[in-house]
Amino acid sequence: MRELRYGRRKFLRHLFPLLQKVPEIAPAEECTFDLLANYEVSYSRLAQLLDHSGKTPPPDEIAFLDSMAHRQTWYPGAVGPSDFFFLTAFVGIVVPPRVVEIGTSTGFSSVMIAGALARQHRAKDAVVDTIDIRQQCFIDETKPTGFEIGQLVPELSPLIRLHVPHDATFLEELARPNELEIVFIDADHRHPRVLLDLLRVAPYVRAGGWVILHDIRLGTIGQQMKAAGQPTPFAMPFGAQWLFERWPFRKIDGGTIGAVQIPNEKSQVVPFALRLMSVPFEIEEKKADRASAAIYKAFEKLI
C-alpha cells in the first residue's frame with residue numbers, strides 16, 4: 001500500500017507541471033485527394049508536407065486505386081475513395097517497415113495499406129498489424145472481422161496480421177517504444193474512445209511520427225444530415241473530429257481523414273488530453289468512468 005501511495009505521489013509530481021503548459025490549438029495544413037484524376041498533384045503536395053519533395057507514385061498505383069474505387073460491394077462506414085487515396089499516398093510516401101491499424105472492420109483499409117507498402121522497394125519487409133476488439137465484424141456479424149483481407153487482393157494477405165479480440169493495449173505485445181512511424185486509428189469514434197486509442201498508441205510511435213484518424217468530419221456530417229431531414233445510417237459521433245480539430249501540434253487535413261503528428265516531447269500530449277476530457281463524453285456514465293480511469297493509466301507511459 002505504501003508503494004502504491006508513493007507511486008501516485010510521484011505521478012502527480014510529474015503531472016502538475018504539465019498542467020501549466022497547455023498548448024494552443026494549431027492550424028492544419030491541407031491536402032485533399034478528391035479526384036483520382038488529380039492524384040499525382042495531391043501526392044506531390046503531400047510528399048512536400050512530409051519532407052519527401054519530388055517523390056511520385058509508383059506506375060501502377062493509380063490503376064490499383066481505380067479498381068478499388070469501382071469495386072462492386074461497399075459496406076456501411078467503409079473508407080471511401082478520397083480517404084483511401086490519402087491513406088495510400090501517406091503510407092507510400094513515408095514507407096515505414098510496418099503500419100499498425102486500430103479498428104479492422106472488414107479489412108478493406110488493411111488491404112489498402114498493404115498495397116501501398118507492397119508497391120515500394122521495401123515490400124518484402126512490410127507488415128500490417130491490424131487490431132480489432134471484435135471477432136465478428138460489426139458491419140455484418142455473420143462474418144468474421146477482416147473477412148475482406150483474403151477476398152479483395154489475395155496476394156496481399158500474407159502481409160497482413162490480424163489480431164482479435166484485442167484493443168490498443170495489445171501494442172505492448174507487438175511493438176517497442178518509439179518504434180512505429182504510422183498508426184491508423186479507425187475504431188470507436190465516440191469521445192473519449194478515440195483519445196484513449198491515441199494515448200495508448202503514442203508511446204510506441206516515434207517522436208515526429210504520425211497517427212492517421214478516419215472520420216474527422218463525421219459529427220458535422222451527421223448534424224447536417226439531420227438538419228436536412230435525412231436519416232443517418234449509423235451513429236455519427238464527434239470523437240475523431242474533436243480530437244483532430246483541437247490537436248495542438250502539427251496536423252494534415254485530408255478532408256474526412258487527417259493525420260496528427262506526435263510531438264518530440266510526448267508528455268505535452270497530457271495537458272491536451274486533460275483539456276479534451278472536459279468536453280462531455282459520448283458514452284454512458286459507467287463506461288465513461290472506466291474510460292477516464294484508462295486514460296489516466298495511459299498517461300503513465302507519457303510522463
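Observations on the structure shown:
- Of all residues in the stretch 140-172, those being over 20 Å from Ile113 (Cα atoms) and either touching a residue at least 60 places away in the same chain (Cβ under 8 Å) or among the basic types (Lys, Arg) (or both) number 2.
- Check on Ile212, touching a residue at least 60 places away in the same chain (Cβ under 8 Å), of a type in the set (Val, Ile, Thr) and closer than 26 Å to Thr73 by Cα: yes
- For the stretch 199-223, the set of residues classified as of a type in the set (D, E, K, R) and under 16 Å from Phe234 (Cβ atoms) consists of Asp215, Arg217, listed by residue number.
- Selection count where residues are surrounded by fewer than 21 Cβ atoms within 10 Å (Cβ to Cβ) and either closer than 22 Å to Cys137 by Cα or out of contact with any Asp or Glu (no Cβ under 7 Å at 6 or more places or on another chain) (or both), scope the stretch 66-92: 15
- Selection status of Val260, outside any helix (DSSP H, G or I), among the hydrophobic types (A, V, I, L, M, F, W, C) and over 20 Å from the mean Cα position of the chain (by Cα): no
- Scanning the stretch 229-238 for any residue that is under 14 Å from the mean Cα position of the chain (by Cα) and among the hydroxyl-bearing types (Ser, Thr, Tyr) turns up nothing.
- Lone qualifier among Val279, Val269 - being surrounded by 17 or more Cβ atoms within 10 Å (Cβ to Cβ), β-branched (Val, Ile, Thr) and either within 23 Å of Pro177 (Cα to Cα) or out of contact with any strand residue (DSSP E or B) (no Cβ under 9 Å at 6 or more places or on another chain) (or both): Val269
- Hits in the stretch 250-266 (condition: buried (at least 18 other Cβ atoms within 10 Å of the Cβ) and farther than 19 Å from Glu181 by Cα): Thr256
- Taken together, Gly92, Gly103, Gly107 contain a single residue that is in contact with a Leu (Cβ under 9 Å, 6 or more places away or on another chain) and under 26 Å from Asn178 (Cβ atoms), which is Gly92.
A short reminder: the numbers here are calculations on the coordinates, not readings from a lab. Please read all numbers here as calculations on a predicted model, not as lab measurements. Positions of Cβ are backbone-derived with ideal geometry, glycine not excepted, and every protein chain shown enters the neighbour counts.
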